[in-house]
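**Q** First, the structure itself, so that you have it in front of you.
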Amino acid sequence: MKRPLVPFLAALACAVALIVGITTGGGPGTPAGFHRGKDGTLTIDSAHRPAAPDFIGMDADGRPVKLADYSGKTVVVNAWASWCEPCRKETPALVRYHEKMKDRGVVVLGINRDGSANAARAFAREFHMPYPSILDPGGKHLLSLPKGVLNTKGLPVTLVVDERGRVAATVSGPLGEGKLEGLVAAARAGSPAAR
C-alpha cells in the first residue's frame, strides 16, 4: 500500500519544484527575479538586480571613460563593432534615442569590440555617434557581467543599467527604438518589460 504513495509523492514534489522555479525565476536554472522573453530579452526585477561592473577604459581618442561617470542616470550600454552588420543597422536608432533622452536622465555608452581605434573612430564618424565608446577588443567587459545576465557571445549586445548602477535588462541582437524604450521603462519602473 505504501509503495504506490511514494511515486505519487515524488511526482508531486517535482511538480511543486517546477511551479516554484517558474514563478520565482522563469524556468529551470533561471535566477529568481529574472524574466526571459521569447525573443531572449531579459528583464530583472528591482529587488534581484546585480551590480553592473564598472566598465572603464579609453575611447578611440584616448580619453578615459567609465560607467561610474553616469551615476544617477539610466545607461544603455551597447556592445558593437564596425564589422558587425546588425550593429550598423541598430546604431542610427541608438543615436536618435540618446539625443532624445539625454536631457531626461537616459544616456547611451558604447563598448567597442574593434581591434583598431581607427576603425572605431571611422564608424563613430559615419553614424554621428554623440556618445563615447570604451575600446574593448578582447571583450573583457562583457565577460565581467554577472552569471545569467547574458545568453550570447555575439554582437550586438545591449544592457540597461538602472540609476543605482544595477543591470536591469539585456538583449542580444539588433534592437529598434520601440524595444529600447520598453527596456528602459522596465529599468526605471523596476518591473519586467511588457512582452
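The values are calculated or read from the model by the stated rules, or taken from the named source; none is laboratory data. What you see is a predicted model, and the numbers here were worked out from it, not measured in a lab. Methodologically, a virtual Cβ is constructed for each residue, glycine included, from the backbone with ideal geometry; neighbour enumeration extends over all protein chains shown. Areas reflect the complete protein model, heavy atoms only, side chains present, ligands, DNA and RNA absent. Shrake-Rupley method; radii C 1.70, N 1.55, O 1.52, S 1.80 Å.
**Q** Which chymotrypsin sites (Phe, Trp or Tyr not before Pro) in region 45-151 pass both tests, a DSSP loop state and at most 14 other beta-carbon atoms within 10 Å?
**A** The qualifying sites are TRP83.
**Q** Sticking with the crude label model, points 7 Å out along Cα→Cβ, report the distance from LYS66 to ALA122 in nm, one decimal please.
**A** Reported label-point gap for LYS66 and ALA122 is 3.2 nm.
**Q** Compute the accessible area per residue over region 131-173, keeping the other protein chains in place, probe 1.4 Å, unit Å².
**A** Per-residue value: 41 Å².
**Q** Would you mind working out the magnitude of the charge dipole of region 28-100 relative to its Cα centre, with +1 at each Lys and Arg C-beta and -1 at each Asp and Glu C-beta, to the nearest 20 Debye?
**A** Dipole of region 28-100, to the nearest 20 debye: 200 debye.
**Q** Same structure, new question: Hey, if we sort ASP59, ASP69 by accessible area with the 1.4 Å probe, largest down, what's the order?
**A** Accessible-area ranking of ASP59, ASP69, largest first: ASP69, ASP59.
**Q** Residues with beta-carbon under 10 Å from that of HIS141, excluding HIS141: net charge, scoring Lys, Arg +1 and Asp, Glu -1?
**A** 0
**Q** What list of ³J(HN,Hα) couplings, whole Hz, do you get for region 43-48 from phi and the Karplus terms 6.51, -1.76, 1.60, once you set θ to phi - 60° and write x for glycine and proline?
**A** Here the 3J(HN,Hα) series is 10, 10, 4, 3, 5, 10 Hz.
**Q** Related question: I'd like the accessible area for SER71: 1.4 Å probe, protein heavy atoms, all chains in place, Å² to the nearest 10.
**A** So the heavy atoms of SER71 present about 100 Å² to solvent.
**Q** Could you please report the charge total around PRO53, scoring K, R as +1 and D, E as -1 over all other residues with beta-carbon less than 12 angstrom from its beta-carbon?
**A** So the environment of PRO53 carries a net charge of +1.
**Q** Contour minus end-to-end for LEU143 and ASP39, with contour as 0.36 nm per residue of separation and end-to-end as the Cα-Cα distance?
**A** Between LEU143 and ASP39, full extension yields 35.3 nm more.
**Q** Evaluate the charge dipole of region 38-195 about its Cα centre and quote only its size in Debye, nearest 20, assuming +1 on the Cβ of each Lys and Arg and -1 on the Cβ of each Asp and Glu.
**A** In debye, rounded to 20, region 38-195 gives about 220.
**Q** Considering only protein heavy atoms, with the full assembly of protein chains and a 1.4 angstrom probe, order HIS98, HIS35, HIS48, HIS128 by accessible area, largest first.
**A** Listed by decreasing accessible area, they come as HIS128, HIS48, HIS35, HIS98.
**Q** When only DSSP loop residues count, what trypsin sites (Lys or Arg not before Pro) in region 88-175 have their Cβ near at most 16 other Cβ atoms within 10 Å?
**A** LYS147, LYS153, ARG164
**Q** Now, a different point. Once the dipole of region 85-195 is set up with Lys and Arg at +1 and Asp and Glu at -1 on Cβ about the Cα centre, which of THR158, ALA168, PHE127 lies farthest towards its positive end?
**A** Looking along the dipole axis, the top candidate is ALA168.
**Q** Run the accessible area of region 118-179 with a 1.4 Å probe and give the carbon-and-sulfur part as a rounded percent.
**A** That fraction is 54 percent.
**Q** Let me ask something additional. In whole Hz and in residue order, list the ³J(HN,Hα) couplings for region 182-187 that follow from phi through the Karplus curve 6.51 cos²θ - 1.76 cosθ + 1.60, θ = phi - 60°; x for Gly and Pro.
**A** Running phi through 6.51 cos²θ - 1.76 cosθ + 1.60 with θ = phi - 60° gives x, 5, 5, 4, 5, 5 Hz.
**Q** Could I ask something else about it? Starting from the exponent 0.38 and prefactor 2.2 Å, build the expected Rg for region 80-195 from its residue count and divide its actual Cα Rg by it.
**A** This ratio for region 80-195 stands at 1.02.
**Q** Could you give the dipole magnitude of region 102-195 about its Cα centre, charging the beta-carbon of Lys and Arg +1 and that of Asp and Glu -1, in debye to the nearest 20?
**A** Once rounded to the nearest 20, the dipole reads 220 debye.
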